[in-house]
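Everything below concerns the one structure shown next.
The values are calculated or read from the model by the stated rules, or taken from the named source; none is laboratory data. All values derive from a computational prediction rather than experimental measurement. Counting neighbours? That spans all protein chains shown, and the Cβs are built from the backbone with ideal geometry, glycine included. Heads up: the accessible areas ignore ligands, DNA and RNA and are worked out on the full protein's heavy atoms, side chains in. Shrake-Rupley method; radii C 1.70, N 1.55, O 1.52, S 1.80 Å.
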Amino acid sequence: MPYGPSALTKPVTVQTLQRMKADGEKFITVALYDAPMAAMAQKTGVEVLLVGDSLGMTVLGYDSTIPVTMDHMIYHVEAVARGNKKSLIMGDMPFMTYATPEQALANATRIMQAGAHMVKIEGGAWLAETVRMLTDRGIPVCAHLGLTPQSVHKLGGFRVQGRDEDTAGTILSDAALLDEAGADLLVLECVPSTLARRITEAVSMPTIGIGAGRDTDAQVLVINDILGLTEKPPKFSKNFLVEAGDIPGALHKYAEDVKAGTFPDDSHTFG
Ligand code: KIV
């Protein structure tokens with residue numbers, strides 16, 4: 001096994017993640033929402049903590065991320081920041097809080113002031129100006145392509161994206177545009193593994209996959225899925241608690257398998 005997780009010794013920065021991409025070392029991301037989980041992630045060496053708007057479903061009991069507000073996000077980013085020492089905290093911008101570049105700047109400022117080190121926004125080419133607006137002003141941005149849950153009603157459900165040449169081509173060109181606009185990271189959610197690989201090779205920013213196969217620069221899973229708390233878990237997720245027996249063990253096993261390139265395997269991947 002080439003790599004194993006260990007506690008972080010230095011704060012993780014955008015530059016750390018770029019170096020890891022260049023060196024071919026995978027980094028670990030977990031979507032989590034509170035201080036004790038953030039503290040546990042430190043001990044496991046999780047490089048990126050995503051305070052995802054998935055909290056609408058995993059914590060607040062909604063059936064999509066659409067009802068999530070800025071106040072929800074601020075509350076949870078502050079909690080994660082209190083438990084964090086060295087990981088990079090990425091805060092999701094909720095539905096309709098970045099519809100214009102000016103609105104994005106005002107709301108991203110609040111998320112950064114709550115303790116995030118980066119914001120994440122969902123969407124393609126239309127966000128290039130927003131990415132430029134934020135990154136030029138010192139706010140790192142993670143883009144999010146493929147299945148973008150805030151657009152669930154436009155997409156017709158939580159389904160795999162980019163299966164045909166046309167939509168795959170759009171995702172690929174969106175990724176190139178956002179890279180060019182200065183995005184620092186890219187989440188690829190529920191896309192065929194071949195498309196994720198093409199994008200990862202084409203862009204300079206590191207890619208983080210979820211349901212995107214094993215060839216992205218990093219993986220992200222939601223803590224509820226890692227711990228088997230999801231009633232109908234998605235195909236791309238894995239309950240690591242069953243095997244590990246306790247919560248620290250489950251996080252450790254997830255991190256170890258990502259570093260070693262053994263998670264995800266074919267059973268978690270869309271062809
Ligand atoms: O909100 C979230 O947790 C996310 C991940 C699933 C990538 O966006």
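Per-residue answers, yes or no, for (1) over 21 Å from Gln18 (Cβ atoms); (2) more than 18 Å from the chain's Cα centre (by Cα):
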site	(1), (2)
Ile89	no, no
Thr109	yes, yes
Arg137	no, yes
Gly156	yes, yes
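Pick from segment 39-59 the residues that are under 20 Å from Gln150 (Cα atoms) and β-branched (Val, Ile, Thr): which of them is farthest from the ligand (Cβ to nearest atom)? Here the answer is Val59. Against the list (1) open to solvent by 20 Å² or more (accessible area, probe 1.4 Å); (2) out of contact with any strand residue (DSSP E or B) (no Cβ under 9 Å at 6 or more places or on another chain), the condition Ala250 fails is (1). Here the helices (runs of 4 or more DSSP H) wholly within segment 1-73 that include at least 3 residues being of a type in the set (A, V, I, L, M) are 14-23, 35-44.
Residue count for segment 74-114, restricted to those that are part of a helix (DSSP H, G or I) and touching a helix residue (DSSP H, G or I) at 6+ places or on another chain (Cβ under 7 Å): 14.
Hey, any hits in segment 128-142 for a residue that's touching a residue at least 24 places away in the same chain (Cβ under 8 Å), in contact with a Gly (Cβ under 7 Å, 6 or more places away or on another chain) and within 15 Å of the ligand (Cβ to nearest atom)? No, segment 128-142 contains no residue that is touching a residue at least 24 places away in the same chain (Cβ under 8 Å), in contact with a Gly (Cβ under 7 Å, 6 or more places away or on another chain) and within 15 Å of the ligand (Cβ to nearest atom).
So which of Ala244, Ala196 is within 15 Å of the chain's Cα centre (by Cα), at pLDDT 95 or above and open to solvent by less than 50 Å² (accessible area, probe 1.4 Å)? Walk me through how you get there before you give the answer.
On the way: Ala244 fails: within 15 Å of the chain's Cα centre (by Cα).
Among Ala244, Ala196, only Ala196 is within 15 Å of the chain's Cα centre (by Cα), at pLDDT 95 or above and open to solvent by less than 50 Å² (accessible area, probe 1.4 Å).
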